[in-house]
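These notes are about the structure you will find just below.
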Amino acid sequence: MLTLHPGTPRDEEAREQLGAALPGATVSEADETGVFEIELDAGDQEQALERIWDAIAASGTDDHVIFLEHPELPEHWRERSGRPGS
């Protein structure tokens, strides 16, 4: 995961809010570039991503926290992006 404004109080708050929306998950501290990790129990990687995506939406942190592109998941977020109803 990646905070969009590394080191700012609001992004730190957003990271904490995301963690609160993921009961049972472990959310690491963000490094100096804003990168952090989330560990959680899920049936597979797709379920884990879905759970995190839902938590981002529920916590309202989408202006501050995004999925970091992963070489095994190129553009994994693209199908979920867009305007509501699209």
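Of a type in the set (S, T, N, Q) and modelled with pLDDT of 95 or more: which single residue out of Gln47, Gln17 fits that description? Break it down into steps so the answer makes sense when it comes.
On the way: Gln47 fails: modelled with pLDDT of 95 or more.
Among Gln47, Gln17, only Gln17 is of a type in the set (S, T, N, Q) and modelled with pLDDT of 95 or more.
Among the residues of the stretch 12-40 satisfying the criterion of being among the charged types (D, E, K, R) and closer than 18 Å to Ala58 by Cβ, which is least open to solvent (accessible area, probe 1.4 Å)? Steps first, please.
Of the stretch 12-40, the ones among the charged types (D, E, K, R) are 12-13, 15-16, 29, 31-32, 37, 39.
Next cut, closer than 18 Å to Ala58 by Cβ only: 13, 15-16.
Working: Glu13: 83, Arg15: 14, Glu16: 105 Å².
Out of the qualifying residues, it is Arg15.
Anything in the stretch 41-66 that is surrounded by fewer than 16 Cβ atoms within 10 Å (Cβ to Cβ) and in a helix (DSSP H, G or I)? List them, or say none.
Pass one, the stretch 41-66, residues surrounded by fewer than 16 Cβ atoms within 10 Å (Cβ to Cβ): 41-47, 50, 53-54, 57-58, 60, 62-63, 66.
Gln45, Glu46, Gln47, Glu50, Trp53, Asp54, Ala57, Ala58, listed by residue number.
Name the residues in the stretch 1-40 that are in contact with a strand residue (DSSP E or B) (Cβ under 7 Å, 6 or more places away or on another chain) and in a loop (DSSP other than H, G, I, E, B), would you? Break it down stepwise before answering.
The initial filter retains those residues of the stretch 1-40 that are in contact with a strand residue (DSSP E or B) (Cβ under 7 Å, 6 or more places away or on another chain), namely 1-4, 11, 14-15, 18-19, 22, 25-27, 30, 34-36, 38-39.
Of everything in the stretch 1-40, those that are in contact with a strand residue (DSSP E or B) (Cβ under 7 Å, 6 or more places away or on another chain) and in a loop (DSSP other than H, G, I, E, B) turn out to be Met1, Leu4, Leu22, Ala25, Ala30, Gly34, Phe36.
The values are calculated or read from the model by the stated rules, or taken from the named source; none is laboratory data. Values in this document were obtained by computation on a predicted structure and should not be read as measured data. Here Cβ is always computed from backbone atoms with ideal geometry, including for glycine, and neighbour counts include all displayed protein chains. When the accessible area is computed, the model is the full protein with side chains, heavy atoms only, and any ligands, DNA or RNA have been set aside. Shrake-Rupley method; radii C 1.70, N 1.55, O 1.52, S 1.80 Å.
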